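Q: Have a look at this one before I ask anything.
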Amino acid sequence: MPTETFKQYERRLLGYLGKQDPMKVLQATPGKLERLISGVSRKRLTRRPAPGKWSVLEILVHLCDDEIVIGWRLRMIITRPGVRITSFNQEDWANDFKYRRQNVADSLSLFRYLRKSNLTLLRLVSKQKLKAAHGLHEERGKETVSYFIRLTAGHDLNHLFQIRRILK
């Protein structure tokens, strides 16, 4: 089965976002995650829906690690416009950092805190500075803060959709 190209992935994520306000999506995600997994057994949260597919817990821990990456990238591109942005292999991270063995409650709390921190940063930095900020992704080229926020919101929606599907 052919894998999705980044352009296809990007279209899919931005399609999920549509005309929604990306900042509102980013603000709402922690609460939506909490409501989705509240009261669900660890066994169910760690069950993979198919071979090679992540469990709900693995998606949650991925969102935490991704939020760390987002925070770092935002800080770098805001303070050093044009900085090179490196990529990472999410499968390596999931395996090397033992996503399946992480604590659910701790992961949710960490995600909530990291997201709040990143949203606070975006509110405190001047709009002029945010508009001028961009990075050069090693695989995708120039990425602005605005694009980055929209893509992240679509990423949230994608994973919320996956979690809903897994838990049905």
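Q: Looking at the structure I just gave you, is M23 touching a Leu at 6+ places or on another chain (Cβ under 9 Å) and of a type in the set (A, V, I, L, M, F, W, C)?
A: It is true that M23 is touching a Leu at 6+ places or on another chain (Cβ under 9 Å) and of a type in the set (A, V, I, L, M, F, W, C).
Q: Restricting to the stretch 5-26, and then to whatever is in a loop (DSSP other than H, G, I, E, B) and not hydroxyl-bearing (S, T, Y), can you tell me which residue is surrounded by the most Cβ atoms within 10 Å (Cβ to Cβ)?
A: Q20
Q: Look through the stretch 145-168, keep the residues that are out of contact with any helix residue (DSSP H, G or I) (no Cβ under 8 Å at 6 or more places or on another chain) and modelled with pLDDT under 95, and return whichever of them is surrounded by the most Cβ atoms within 10 Å (Cβ to Cβ).
A: This residue is Y147.
Q: Being at pLDDT 90 or above and over 14 Å from E58 (Cβ atoms) is true for just one of V83, V104. Which residue is that?
A: The unique qualifying residue is V83.
Q: Quick one: in the stretch 74-85, which of the residues that are charged (D, E, K, R) and under 16 Å from L121 (Cα atoms) is surrounded by the most Cβ atoms within 10 Å (Cβ to Cβ)?
A: The selected residue is R75.
Q: Follow-up question, since we're still on this one. Quickly run through the stretch 74-102 and pick out the residues that are touching a strand residue (DSSP E or B) at 6+ places or on another chain (Cβ under 6 Å) and either closer than 18 Å to T29 by Cβ or among the aliphatic types (A, V, I, L, M) (or both).
A: Those that are touching a strand residue (DSSP E or B) at 6+ places or on another chain (Cβ under 6 Å) and either closer than 18 Å to T29 by Cβ or among the aliphatic types (A, V, I, L, M) (or both): M76, I77, V83, I85.
Q: Same structure, new question: Please enumerate the residues belonging to the stretch 40-73 that are among the hydroxyl-bearing types (S, T, Y) and either surrounded by 14 or more Cβ atoms within 10 Å (Cβ to Cβ) or in a helix (DSSP H, G or I) (or both).
A: T46, S55
Q: Still on this structure: Can you find a residue in the stretch 27-39 that is assigned to a loop (DSSP other than H, G, I, E, B) and of a type outside the set (D, E)?
A: Yes, that holds for at least one residue.
The values are calculated or read from the model by the stated rules, or taken from the named source; none is laboratory data. Bear in mind that the values here come from a model prediction, so they are computed numbers and not experimental data. Glycine also receives a Cβ, built like all others from the backbone with ideal geometry; neighbour counts cover every protein chain displayed.
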